[in-house]
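Colleague: One structure, as structure tokens, below. Some questions next.
The values are calculated or read from the model by the stated rules, or taken from the named source; none is laboratory data. Small disclaimer: the values here were computed from a predicted structure and weren't measured. We place every Cβ from the backbone using ideal geometry, glycine too, and count neighbours over all the protein chains shown. Ligands, DNA and RNA are stripped out before the accessible areas are found, and what is left, the full protein with its side chains, is counted by its heavy atoms. Shrake-Rupley method; radii C 1.70, N 1.55, O 1.52, S 1.80 Å.
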Amino acid sequence: MSQPPPPPNQPPQGGFGAPQDPSYGYPQQPPGQPPAQPGYGYPQAPGQPPQAPQTPPPPAPPGPATPPPPGPAGPPGPPGPPQAPPSGMPQTPPQGAGGYGYPPQQPQSVHAQPTQVGMPAAYPSGQQPQYASGQQPQYGYPPQGPYPPQNTYPGATPGGGQGGGNKSKQRMMIIVSAVVAVALIVGGGIFFATKGDGGSDDQAKDPKDKKQSQESTSGTTGGKDVPAPETVDGKLINKIDMPKVSDQITTEGMWVTDDTFVKADVYKVVGYPLDGGSPKWTIPLAGEICWSSDHVTENGLTTILFQEAKPSKKDKYPSCTEVGLFDLNNGKMLWQKHLSDSYERLSFDEVTLGGGTVAAGGTRGGAAWSLDGKLLWKPQEGEDCEDAGYAGGGDKLVAVRQCGEYDNPQIQVQTLNPKNGKIKSSYKVSPGLDYVHVLSTDPLIVGLDAGDSTGAAVSDFLTIDDSGKTGKVVSKISTEGGKYVAECESTNVEGCKLAVVSKSADALFMGSEERSSSSSGTVNEVVAFSLKTGKAIGKTDGVEGAGLTPLGLDKDGYVVAYQESTYDAGGAVWRIDPKSYKKDKLLQNQVADREMESNFSAKYNEVIYANQRLYMSDKYATKPSGSYDKDDPLAAIFGAGG
């Protein structure tokens, strides 16, 4: 997994676009007739040749001659794949064609008991091929029938979305059959079932959110009648110094338990008191961290993926082969595992934890272990398919399985029995889409990049009913070309952020793009979308002058959102009721610490609010570029006390 370096801090930026109507964000009545939809059959750009997943990190950018003004730091999002101009004629769907609205073939168990790993890959160590971004034309004309309206707001262009040209048309061609399928499903009276009606009685009986000690992007509780808290007067409590490195090393991973703040560091994981200070414990690692799971079990277990060794003259870029399970509460590595074929250790791209199973996936297939370290499955000999990655959380485990050619993969999203890997439900993704992201496993929500041009790697979220053997699309929620903000890792299954799912409210929350305000800088909203219909159902107004970004859910099921710091104010943390959309301020940082706080961004860095403290950390340890960033910390903690 290649890691782009974070650039130096950027100056505060204004919003995008012209001032909007103050009622921006309220759902409207659906229009009577949808705009005309483009036909199918446009071919996509040819796939790129396989690339090596392990690439050397580029050096940190040089610092400017004079210190820039403080502001959120972060690299620009990865560009979308190149697209070809529309051409070609519609075609007849082939035998067994899947995708949006087409039922997949009968799912079968592909995660059998461990057997001998097959022949070595045709690529040398550390150079496994990536799935290229080749696309295939879509098939068939959409059937006639009602179309769900696009999410619109006062002043918005009918049909929703921004931009145009070939990419916009291409995106509509890919997703239009999903929209039709959703319309037919809803028209037929099929809907996604959730536990209870979302009332407080049902929430009290379903405490799954409390099994995770840090905020997650989905959950089952929420909207409880919890009294509004008093706002904490926050200040900088403590900071973790940036490690001294010669270039750049990945330090991705941050967790918070009831009594410990845990941060991934250079070749180690370190536990601190909640307010920071001297370490309580340290877990040394054989090499650099490649991936850290956000999921934490009720008893404080989580998992990471790391390199087999530190860089050396013989091997400057070691492979990501080591999977570890460690105890956040006691600071112990419970086990460390890897798999080998006849020639070398197998490398992975990411790892997750769900249903009591640790699962790692990549371009050479997937493997899984129980919490006691027993191997449950691994890549099978002669397979034409690989588990590119897994998504976990709570009691569920979902695999994204890729089959066929590297430049023309057929992708299925499969809900598994986490104990043995048997397929419980399978949804076949439309051909032409190379990467699929899983935002939530319960309910199952996947993100697709069907022509996104913002660099966010996601253009649409689909809610999938995985209660039967064949997964069915329930609703589609569009980011509308950046009108709503979400971020997914470009090629990875997990890693989506800035979008939060509340199961109890049956809703997905995203912030709208920041816009210029005539009175005091930028402004945005946090908008709620129904998982049943895909329509906007409510909004929470942001604060003028600073963006408001959803982070996750708290233990009571409220949406937690971060308000960025500005040149004249510290940042703040709010909680949003997922049903009434009312917000209450949890923490307000003082202006004296705004420069320290501006080193971090919710979009590019790790941000957690827990135990009335705001924890912020960098994903990379980087050599300073100049005097202006020589005191930048690896992590900072804000809250009362200190």
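Colleague: Can you tell me the order of 623-630, 464-471 when each peptide is scored by its average per-residue count of other Cβ atoms within 10 angstrom, highest first?
Modeller: Working: 623-630: 14.9, 464-471: 17.8.
Ranking the peptides 623-630, 464-471 by packing returns 464-471, 623-630.
Colleague: A follow-up question, please. May I ask for the Rg/Rh ratio of segment 406-504, computed from Cα atoms with Rh as the Kirkwood radius, given to two decimals?
Modeller: 0.96
Colleague: Which lysines have a Cα lying under 18 Å from the Cα of LYS337, excluding residues fewer than 8 positions away in the same chain?
Modeller: Cα-Cα hits under 18 Å: LYS268, LYS310, LYS374, LYS378, LYS419.
Colleague: Whenever you get a sec, compute what percent of the accessible area on segment 498-642 sits on carbon and sulfur atoms (1.4 Å probe).
Modeller: 46
Colleague: How large is the charge dipole for segment 306-404, taken about the Cα centre, if only the Cβ atoms of Lys, Arg (+1) and Asp, Glu (-1) carry charge, to the nearest 20 debye? Please list the in-between numbers first.
Modeller: Values: 12 positive and 15 negative charges, 83 e Å.
Around 400 debye, computed over segment 306-404.
Colleague: Output the peptides 573-586, 243-256 sorted from most to least packed, where packing is the average of other Cβ atoms within 10 Å over each peptide's residues.
Modeller: Numbers: 573-586: 20.3, 243-256: 18.8.
Answer by packing, highest mean first, reads 573-586, 243-256.
Colleague: Any of LYS316/LYS603; LYS503/LYS535; LYS428/LYS539 with alpha carbons more than 24 Å apart? Name them for me.
Modeller: In this structure, LYS316/LYS603; LYS428/LYS539 exceed 24 Å between Cα atoms.
Colleague: Accessible area per residue for segment 473-559 in Å², computed with a 1.4 Å probe and the full protein assembly in place, what is it?
Modeller: Details: 2020 Å² over 87 residues.
I get 23 Å² per residue for segment 473-559.
Colleague: Rounded to the nearest angstrom and ordered from largest down, what semi-axes does the equivalent ellipsoid of segment 281-368 get from its C-alpha gyration tensor (root of 5λ)?
Modeller: On the way: eigenvalues 101, 53, 18 Å².
So the three semi-axes of segment 281-368 are 22, 16, 10 Å.
Colleague: Would you please calculate the Kirkwood hydrodynamic radius of segment 437-578 over all C-alpha pairs and express it in Å, rounded to one decimal? Mind dumping the intermediate values first?
Modeller: Working: mean 1/r = 0.0644 Å⁻¹.
For segment 437-578, the Kirkwood estimate is 15.5 Å.
Colleague: Right, here's the next one. Between LYS280 and LYS422, 0.36 nm times their residue separation minus their Cα-Cα distance comes to what? Don't jump to the answer; show the numbers that get you there.
Modeller: Values: separation 142, 0.36 × 142 = 51.12 nm, distance 4.08 nm.
Taking LYS280 through LYS422 to full extension adds about 47.0 nm, to one decimal.
Colleague: I need the peptides 392-402, 281-291 ranked by packing, meaning the mean over residues of other C-beta atoms within 10 angstrom, with the highest value on top.
Modeller: Details: 392-402: 24.5, 281-291: 19.3.
Taking the mean over residues of other Cβ atoms within 10 Å, the ranking is 392-402, 281-291.
Colleague: Whenever you get a sec, compute what percent of the accessible area on segment 321-381 sits on carbon and sulfur atoms (1.4 Å probe). Intermediate values should be presented prior to the final figure.
Modeller: Working: 790 of 1990 Å².
Exposed carbon and sulfur together represent 40 percent of the surface.
Colleague: Go through segment 616-625 residue by residue and turn each phi into a ³J(HN,Hα) via Karplus (6.51, -1.76, 1.60, θ = phi - 60°); whole Hz please, and just put x for glycine and proline.
Modeller: 9, 8, 9, 7, 9, 9, 10, 5, x, 8
Colleague: Please work out how much length the chain gains when fully extended from ASP315 to ASN329, using 0.36 nm per residue of separation minus the C-alpha to C-alpha distance, in nm with one decimal.
Modeller: Working: separation 14, 0.36 × 14 = 5.04 nm, distance 3.44 nm.
The span from ASP315 to ASN329 would gain 1.6 nm if fully extended.
Colleague: Residues with beta-carbon under 15 Å from that of GLU344, excluding GLU344: net charge, scoring Lys, Arg +1 and Asp, Glu -1? Walk me through the numbers before you get to the answer.
Modeller: On the way: positive: LYS314, ARG345, ARG364, LYS378; negative: GLU308, ASP315, GLU322, ASP341.
Around GLU344, the surrounding residues sum to 0.
Colleague: Pull out the extension gain between ASP259 and ASP584, defined as 0.36 nm times the separation in residues minus the alpha carbon to alpha carbon distance; nm, one decimal. Working shown, then result.
Modeller: On the way: separation 325, 0.36 × 325 = 117.00 nm, distance 2.52 nm.
Residue separation times 0.36 nm, minus the Cα-Cα distance, leaves 114.5 nm.
Colleague: Separate question: Report the calculated FRET efficiency for SER627 and ASP384 (r = Cβ-Cβ distance, R0 = 60 Å), to the nearest 0.05. Intermediate results must be reported in sequence, preceding the final value.
Modeller: On the way: r = 55 Å, r/R0 = 0.92.
Rounded to the nearest 0.05, the efficiency is 0.60.
Colleague: Mind checking which aspartates and glutamates have their C-alpha under 16 Å from LYS472, skipping anything on the same chain fewer than 8 residues away?
Modeller: Qualifying aspartates and glutamates at Cα under 16 Å: ASP442, ASP460.
Colleague: Right, here's the next one. Once the Cα gyration tensor of segment 291-436 is diagonalised, what are the square roots of 5 times its eigenvalues, in whole Å and ordered largest first, as equivalent ellipsoid semi-axes? Don't skip to the end; give the middle numbers.
Modeller: Numbers: eigenvalues 118, 87, 33 Å².
One finds semi-axes of 24, 21, 13 Å for segment 291-436.
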